[in-house]
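The values are calculated or read from the model by the stated rules, or taken from the named source; none is laboratory data. Predicted model only: the values in this text are computed from it and were never measured. As a convention, Cβ positions derive from the backbone with ideal geometry for all residues, glycine included, and neighbour counts pool all protein chains shown. For the accessible areas, the whole protein counts, side chains as well, though only heavy atoms, and no ligand, DNA or RNA atoms are used. Shrake-Rupley method; radii C 1.70, N 1.55, O 1.52, S 1.80 Å.
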Amino acid sequence: MNGAATTAGGAILANRRGWLGALSDAFWRRPRLWVFLLLAPALLWLGIVYIGSLFALLLQSFFSIDEFSGLITYEFTLKTYAELLRPQNLDVIVRTVVMAAAVTLASALIAFPIAYMAARYARGKWKALFYLGVMLPLWSSYLVKVYAWKLVLAKEGIFNWLLEQVHLTWLLDAWLSLPIVGGNSLSISMTGTFIVFVYVWMPYMILPIQASIERVPTNLLDAASDLGANPLQTFWKVIFPLTLPGIVAGSIFTFSLTLGDYIIPQIIGTSAFFIGQAVYSHQGTAGNIPLAAAFTVVPIVIMGFYLWGARRMGAFDAL
């Protein structure tokens, strides 16, 4: 009697009818099928749109341009990759990698004190203000920020005006007279390109470092102090090793974003090309799609090795 009442009351669901009920029962009996169907759209997008486009790009890099007709020769060859070893192309690659490494190093040096202060001392509204200050530049347009910096760094810009007020214009002129890093003004120099790169990618370095510092147990710092370690020893022996994965995690963003960017060097900088500009020029202006594809493969290969090294250092756990 009680069992019948329980069934009538709905504690045990009656057998569902119709195709919808049968489909639900099938998914309940085969949970892996349900998981596969949920992941299928994302897998198709990743496999066709993303990996498929990368494969097409890689395939294009093994073709070449006919020197007489200017048409693409669809025959497998390594001739296009050999062109990357020409001095003018190799110079583009070296320049881009050096700039990416310099931006990453500078970003880490600037970001670490900011992240440390936020992780150890900022509380309540001050921590909220920290996150607002770090994230606010990301909410504005990328192009607006770059053009704003072009005005700031121009010869008639506010930066030059500030140097004039403290009578340090001579120092800037001496720096701009140096080869490679100099130019007519900061807005037309490698130094200006470097400054804007560091500013634009800085939030991507601060946040992973701040998260890694917050995960350092305070009792380890107290133990180091009790054992007689001074602040410098505590930093190098305790804090730095434990926060290094966070630094490497941030460097993944700053390094990769600098490798592939072409807008900042196009707006702020000299006529010297970076990889992104070379890809844009060969693909758009020159119509040399195989060489543009070969240039694109370079940062992919570099980042492949970079990510492999970052994974071994535990950077992915800090993301």
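Dipole of segment 115-249, Cα-centred, from +1 at each Lys and Arg C-beta and -1 at each Asp and Glu C-beta, to the nearest 20 debye?
Numbers: 9 positive and 6 negative charges, 77 e Å.
For this selection, approximately 380 debye.
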Next on the checklist: For S64, what residues show an amide H to amide H distance below 5 Å, using hydrogens built from the backbone and excluding near sequence neighbours?
Outcome noted: T73, E75
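On the accessible surface of the chain, probed at 1.4 Å, how many percent belong to carbon and sulfur atoms?
Values: 13920 of 19730 Å².
Reported share for carbon and sulfur atoms: 71 percent.
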Checklist outcome for this item: Matching label for the computed Cα extents along the principal axes in Å, out of [x] 78, 49, 39; [y] 78, 42, 40; [z] 100, 72, 39, is [z]
Checklist outcome for this item: Which of S212, S189, S53 fluctuates most in a GNM of the chain (C-alpha springs under 10 Å)? That residue is S53
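Tell me the per residue accessible area of the chain using a 1.4 Å probe; a whole number in Å² is fine.
Values: 19730 Å² over 319 residues.
Dividing the accessible area of the chain by its residue count gives 62 Å².
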Item to check | Helix-only mean residue ellipticity at 222 nm for the chain, each DSSP H run of n ≥ 4 adding -39500 (n - 2.57), per residue, nearest 500 | outcome: -21500 deg cm²/dmol
Checklist outcome for this item: For segment 40-146, listing trypsin sites (Lys or Arg not before Pro) in a DSSP loop whose Cβ sees at most 13 other Cβ atoms within 10 Å gives R123
Item to check | Loop-located chymotrypsin sites (Phe, Trp or Tyr not before Pro) in segment 105-141 whose Cβ has at most 14 other Cβ within 10 Å (DSSP) | outcome: Y121
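Please report, in debye to the nearest 20, how large the charge dipole of the chain is about its Cα centre when each Lys and Arg carries +1 at its beta carbon and each Asp and Glu carries -1 there. Mind dumping the intermediate values first?
Details: 19 positive and 14 negative charges, 256 e Å.
Dipole about the Cα centre, nearest 20: 1240 debye.
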Checklist outcome for this item: Listed residues D261, D173, D226; largest mean-square fluctuation, Gaussian network over the chain with Cα springs below 10 Å, found at D226
Next on the checklist: Quick check on packing: order 215-222, 102-109, 292-299 by the mean number of other C-beta atoms within 10 Å, highest mean leading.
Outcome noted: 292-299, 102-109, 215-222
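How would segment 251-319 be classified by its alpha-carbon gyration tensor: rounded, prolate or oblate, with rounded meaning a/c under 1.5 and the a/b versus b/c comparison settling the rest?
Values: a/c = 3.90, a/b = 1.84, b/c = 2.12.
Because a/c hits 1.5 or more and a/b fails to exceed b/c, segment 251-319 counts as oblate.
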Item to check | For segment 92-147: rounded, prolate or oblate by the Cα gyration tensor [a/c cutoff 1.5] | outcome: oblate
Checklist entry - Which residue, G70, G52, G124, tops the fluctuation ranking in a GNM of the chain built on C-alpha contacts under 10 Å? => result G124
Checklist outcome for this item: Of all GluC sites (Glu not before Pro) in segment 45-87, the ones in DSSP coil with at most 12 other Cβ atoms within 10 Å are E67, E75
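What is the chain's relative contact order, in percent, from Cα pairs under 8 angstrom and six or more apart in sequence? Intermediate results must be reported in sequence, preceding the final value.
On the way: 327 pairs, mean separation 72.4, N = 319.
Worked out over the chain, it gives 23 percent.
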